[in-house]
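Q: Please read through the structure below; I'll follow up with questions.
The values are calculated or read from the model by the stated rules, or taken from the named source; none is laboratory data. Keep in mind that this is a model prediction, so the values were computed, not measured. As a convention, Cβ positions derive from the backbone with ideal geometry for all residues, glycine included, and neighbour counts pool all protein chains shown. Ligands, DNA and RNA are excluded from the accessible area calculation, which covers all protein heavy atoms including side chains. Shrake-Rupley method; radii C 1.70, N 1.55, O 1.52, S 1.80 Å.
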Amino acid sequence: MKKLIDGKVQMFSCKRDSLSLNQIKIQMPFTDTLLADIQKTSVPEWIAVSCGVFYVILAAYRKIACWFFGLISSGIYVYLCFKSNLLIETGLQIFYIFMSVYGWISWHKKTSDVIRMRSIQFHLVALSLGLVAAFALGFLFDKYTHQANAYLDASIAVFSLIATFMTANRVLENWIYWIVVDAAAIFLYHSQGLALSALLYLVFTLMAVYGLIQWTKQYRSQKQNQFQNLKSNT
């Protein structure tokens, strides 16, 4: 009887160890695939990713040079996205190129240093129009092209346009839009084999949180200075 019990215990132990090994085997391929994809990353994608990081860092500190790096990153991503059948994203990156020029000009203005906040009504309208536009764009590209992840790509594209416009006009809430957009882009880029870009958007998501914190502090400081100036004038 003792041998029978010991045999069952040993068999259970083997099954448990086998299950643990299978779990490891299930988990490992994702890590291996991710590392393999990063190792296969092309030089253009490395440059685009590096410039993208500089763009977000400089934007968080309201440095006008951010638009220069944004332009370079977007120019390279036009090629990368088109090659990966992300047609909507390709159009978005072309738009980013023009917005980089617009942002550079806008931030050169003296009044452009002021951070603004928009009303809830403004954001409700922006969200409503954005969702309608994203659905329509996703439907068209899903039905008539070979676009990958059409609805997700369309949503990212539309709300990136809205967020970019708000960034160029120094609207504080732009960072909230970027947090959501960048988080969605992680899945989009990884699904197309652009692992390094997926990691970049993970970094973008975290940096967007940091940008929101920084701009909020600057906005409050700006309001305090305006109050002090108004008080001293009266």
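Q: Name the residues whose placed amide hydrogens come within less than 5 Å of the amide hydrogen of Arg116, ignoring near sequence neighbours (fewer than 5 apart) on the same chain.
A: Val171, Leu172
Q: In percent, how large is the relative contact order of the stretch 43-171, given Cα pairs closer than 8 Å and 6 or more residues apart?
A: 25 percent
Q: What ratio of Cα Rg to 2.2 N^0.38 Å holds for the stretch 66-202?
A: Values: Rg = 15.1 Å, N = 137, 2.2 N^0.38 = 14.3 Å.
Normalised by 2.2 N^0.38 Å, the Cα Rg of the stretch 66-202 equals 1.06.
Q: Once a ≥ b ≥ c are taken as the square roots of the eigenvalues of the Cα gyration tensor of the stretch 134-234, is the result rounded (a/c under 1.5), prolate (a/b larger than b/c) or oblate (a/b not larger than b/c)? List each step's numbers first, then the result.
A: Details: a/c = 5.59, a/b = 2.28, b/c = 2.45.
Because a/c hits 1.5 or more and a/b fails to exceed b/c, the stretch 134-234 counts as oblate.
Q: For Lys217, what accessible area in Å² do you get when you roll a 1.4 Å probe over the heavy atoms of the protein chains, rounding to the nearest 10?
A: 120 Å²
Q: What is the distance, in nm, between label points placed 7 Å from the Cα along the Cα-to-Cβ direction at Gln214 and at Thr41?
A: Spacing of the two 7 Å Cα→Cβ label points: 2.1 nm.
Q: Mark the label point 7 Å from the Cα of Tyr61 along Cα→Cβ and return the residues of the stretch 75-116 whose backbone N is within less than 17 Å of it.
A: Flagged as within label range: none.
Q: Follow-up question, since we're still on this one. From a point 7 Å beyond the Cα of Ser50 in the direction of its Cβ, which residues of the stretch 71-92 have a backbone N at a distance under 17 Å?
A: 71-77
Q: What is the gain in length, in nm to one decimal, between Leu131 and Tyr144 on full extension, counting 0.36 nm per residue of separation less the C-alpha to C-alpha distance?
A: Details: separation 13, 0.36 × 13 = 4.68 nm, distance 2.00 nm.
Here the segment from Leu131 to Tyr144 would lengthen by 2.7 nm.
Q: Continuing with the same structure: Run through the stretch 48-108 and list the trypsin sites (Lys or Arg not before Pro) located in a DSSP loop whose Cβ has at most 16 other Cβ atoms within 10 Å. Working shown, then result.
A: Values: sites: Arg62, Lys63, Lys83; in loops: Arg62, Lys63.
Of the trypsin sites (Lys or Arg not before Pro), the ones in loops of the stretch 48-108 whose Cβ has at most 16 other Cβ atoms within 10 Å are Arg62, Lys63.
Q: For a quick size check, give me the Cα extents of the stretch 167-217 along its three principal axes, largest first, whole Å.
A: 37, 16, 14
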